[in-house]
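Let me begin by presenting the structure, written as structure tokens, before commenting on it.
The values are calculated or read from the model by the stated rules, or taken from the named source; none is laboratory data. The shown structure was predicted, so the numbers you read here are calculated from the model rather than taken from an experiment. FYI the Cβ positions are ideal-geometry reconstructions off the backbone, even for glycines, and counts take in every protein chain you see. Just so you know, the surface numbers come from the protein's heavy atoms only, side chains and all, with ligands and any DNA or RNA stripped out. Shrake-Rupley method; radii C 1.70, N 1.55, O 1.52, S 1.80 Å.
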Amino acid sequence: MKAVLSTSILSPEDHEIAADALSSCVHCGMCNATCPTYQLLGEENDGPRGRIYLIKQVLEGNPVSESTRKHLDRCLTCRNCETTCPAGVPYSKLLDIGRQVVEQKSARGFKENLSRKILRTVLPYNNRFAPLLTIGRVFKPILPARIKTKIPRKVAKGKTPISEHKRRMIVLDGCVQPSLSPDINTATARVLHKLGISLITQKKAGCCGAVSQHLSAEDEALDFMKKNIDAWCSEIESGAEAIVMTASGCGAMVKDYAHYLRNDPKYAEKAKRVSELCKDISEIIATEDLTSLAIKGEEKISWHPPCTLQHGQQVKGVVEKILSKCGYELLPVMDQHLCCGSAGTYSILQPEISKQLQSNKITHLQQNKPSMIVTGNIGCQTHLQEVSDVPVIHWIHLLDK
Ligand code: SF4
Ligand code: SF4
């Protein structure tokens, strides 16, 4: 696609990324076939090809309308289109740039600004989110249904093993996961302990930055990234083997730290090292000998691969292999490549589309009568549990028996 991008609205680095992305798009439209919003809404501008064209117009210096922003807001950032695209167009990087410019050139209304600000002020901070969740649980019976369904039941954290192995890995607690499902990281610690690996948490590390990044607050996102890098540096220097992610949404983000901080003279190298060391828990488990776990799974389960794992990180088929090896029967699930509608803050900001995707997804996941649904991202887990008849859990629990 030919584009004459405005140099006045883009930094030289963003100009290069956007020009490369736009010139590699051949406008074939194959990506539309796997785009969840295009499938639901049937509108060219709600598919990747149309959005790319809208971003091109914006970056060429054309006026930004409310309609442009609406179509970009409706994008789930699921990156399914990147998996499908035969030309390798880096859609999400182009979208990041497009959203930044659109945000500057088109003012949102008071209500929209307020809800986005509240999300940015609460979600990334566990010390703010945790008390609000506790209050929400107390008043759950009298809350409106749409809020009530978003408050999951309390889960016990479980025991963290005392573990002093030579092999050490860092784990990210993240922002909302310690409150919504604190048992995930303790289960991970127990599984890795049995495999001869100690899991270390750095208390100063926090939100990965994805919430701010997806809400177009780039500077805020960069601050979260730098804070995490600073928190992990000493453990990395003293030999931590990996930075383990138990939420694939955070994993996709941390693997991109190298990209986001590539031009920062102080952090570029450190960010590169952090991104190299970042691994989804499935990538770690897949390379270990699992005989010491002695798992004999018998349940029939449905696996939901989060978009941030299968499209964002391009980690495919890994969890399936681990669970099959441990004896679990993975039932066939239709349209496994499609998003469940959670997508970070999407379920709050775009409730109608999110609900439709959630409904389609749960129908497919429950079709073959699983005893449970397993996934690898806290956002998908809580979103699917809202409407599921069977438990929805992180797959690592199946190895923690
Ligand atoms: S599939 Fe790739 S090349 Fe084709 S329209 Fe979509 S982004 Fe462009
Ligand atoms: S990221 Fe997902 S929702 Fe957005 S254009 Fe690509 S496939 Fe569609």
Can you give me the number of residues within the stretch 37-82 that are within 11 Å of ligand 2 (Cβ to nearest atom), polar (S, T, N, Q) and more than 20 Å from the chain's Cα centre (by Cα)? 2
Can you spot a residue in the stretch 189-209 that is open to solvent by 20 Å² or more (accessible area, probe 1.4 Å) and touching a Gly at 6+ places or on another chain (Cβ under 7 Å)? no
Name the residues in the stretch 93-131 that are within 16 Å of ligand 1 (Cβ to nearest atom) and either surrounded by fewer than 19 Cβ atoms within 10 Å (Cβ to Cβ) or over 19 Å from G249 (Cβ atoms) (or both), would you? K93, L94, I97, G98
Would you confirm whether any residue within the stretch 378-401 is in contact with a strand residue (DSSP E or B) (Cβ under 8 Å, 6 or more places away or on another chain), modelled with pLDDT of 95 or more, among the polar types (S, T, N, Q) and part of a loop (DSSP other than H, G, I, E, B)? yes
With respect to the numbered conditions (1) near ligand 1 (Cβ under 9 Å from one of its atoms); (2) within 13 Å of G29 (Cβ to Cβ); (3) surrounded by fewer than 18 Cβ atoms within 10 Å (Cβ to Cβ), which one is the sole condition not fulfilled by R49? (3)
Quick one: which helices (runs of 4 or more DSSP H) lie wholly within the stretch 83-190 and hold at least 2 residues that are touching a helix residue (DSSP H, G or I) at 6+ places or on another chain (Cβ under 8 Å) and within 16 Å of ligand 2 (Cβ to nearest atom)? 91-105
Please pick out the residue among V176, V274, V244 that is closer than 17 Å to V122 by Cα and crowded, with 20+ Cβ neighbours inside 10 Å. V176
Right, A231: touching a helix residue (DSSP H, G or I) at 6+ places or on another chain (Cβ under 7 Å) and either part of a helix (DSSP H, G or I) or loosely packed, with under 14 Cβ neighbours inside 10 Å (or both) or not? no
Answer yes or no as to whether S292 is modelled with pLDDT of 95 or more, part of a helix (DSSP H, G or I) and not basic (K, R). no
Picking from E283, E220, which residue would you name as being within 29 Å of S324 (Cα to Cα) and either assigned to a helix (DSSP H, G or I) or modelled with pLDDT of 95 or more (or both)? E283
Given the options K401, K369, K355, name the one that is in contact with a Lys or Arg (Cβ under 8 Å, 6 or more places away or on another chain) and of a type in the set (K, R). K369
Filter the stretch 1-42 for residues that are among the aliphatic types (A, V, I, L, M), open to solvent by less than 50 Å² (accessible area, probe 1.4 Å) and near ligand 1 (Cβ under 10 Å from one of its atoms); the one that is farthest from I353 (Cα to Cα) is M1
Here the qualifying pairs (Cβ atoms under 7 Å; residues six or more apart or on different chains; first in the stretch 278-299 and among the β-branched types (V, I, T); second at pLDDT 90 or above and open to solvent by 20 Å² or more (accessible area, probe 1.4 Å)) come out as I295/G327
Pairs, first acidic (D, E) in the stretch 70-98, second within 10 Å of ligand 2 (Cβ to nearest atom) and open to solvent by less than 40 Å² (accessible area, probe 1.4 Å), C-beta under 7 Å, six or more apart: E82/Y91; E82/S92; E82/H311
Is there any pair with a first residue in the stretch 215-227 that is closer than 15 Å to C175 by Cα and a second that is among the hydrophobic types (A, V, I, L, M, F, W, C) and outside any helix (DSSP H, G or I) whose Cβ atoms are under 8 Å apart and which are 6 or more apart or on different chains, and what are they? F224/C207; F224/C208; M225/C208; M225/L261; K227/A205
Matching residues in the stretch 349-364 (open to solvent by 20 Å² or more (accessible area, probe 1.4 Å) and over 12 Å from T37 (Cβ atoms)) number 7
Output the number of the condition that G341 fails; it satisfies all remaining conditions of (1) in contact with a helix residue (DSSP H, G or I) (Cβ under 8 Å, 6 or more places away or on another chain); (2) surrounded by fewer than 24 Cβ atoms within 10 Å (Cβ to Cβ); (3) in a loop (DSSP other than H, G, I, E, B); (4) not charged (D, E, K, R). (2)
Taking the condition of being surrounded by fewer than 16 Cβ atoms within 10 Å (Cβ to Cβ) and in contact with a Lys or Arg (Cβ under 7 Å, 6 or more places away or on another chain), how many residues in the stretch 278-292 meet it? 1
Please state which one of I52, I17 is in contact with a Phe, Trp or Tyr (Cβ under 8 Å, 6 or more places away or on another chain), within 20 Å of E103 (Cα to Cα), modelled with pLDDT of 95 or more and not hydroxyl-bearing (S, T, Y). I52
